[in-house]
Amino acid sequence: MLDVARSVGPLHSTDPSTAYLQIAARSDAAIDDIAAALYDDRALLRHTTLRRTVHLLTPELAVAAHGAYNHRIVPKLRQQLI
């Protein structure tokens, strides 16, 4: 499963189910394994990048993608979350 994320690079994730579909289509990972990678192990991260595009990344790739993050939208997204 992590091999998929590393080999493909950023996996586009627009809603919660998209992350599961992206990995399931490319591997034999179980839904519980994907959920654990996202929420328990944090081996995969959702990262908002330029133009509010959400990508699924490994922590190593997230560091590189952080430069594409649009810091101006942080307050608005934080308010929406709260």
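The values are calculated or read from the model by the stated rules, or taken from the named source; none is laboratory data. These figures come from a predicted structure and were not determined experimentally. All Cβ positions, even for glycine, are placed from backbone atoms using ideal geometry, and neighbour counts span all protein chains on display. Surface areas here come from the heavy atoms of the whole protein model, side chains and all, with no ligands, DNA or RNA. Shrake-Rupley method; radii C 1.70, N 1.55, O 1.52, S 1.80 Å.
So, Ala24, is that one under 14 Å from Leu2 (Cα atoms) and free of Cβ contacts under 8 Å to residues at least 24 places away in the same chain or not?
Working: under 14 Å from Leu2 (Cα atoms): yes; free of Cβ contacts under 8 Å to residues at least 24 places away in the same chain: yes.
When the stated conditions are applied, Ala24 passes them.
So, of the residues in segment 18-33 that are open to solvent by less than 30 Å² (accessible area, probe 1.4 Å) and closer than 27 Å to Ile73 by Cβ, which turns out to be modelled with the highest pLDDT?
In this case the residue turns out to be Ile23.
Please state which of the following conditions Thr53 fails to meet, knowing it meets all the rest: (1) at pLDDT below 80; (2) out of contact with any helix residue (DSSP H, G or I) (no Cβ under 6 Å at 6 or more places or on another chain); (3) open to solvent by less than 80 Å² (accessible area, probe 1.4 Å); (4) over 25 Å from Pro75 (Cβ atoms).
(4)
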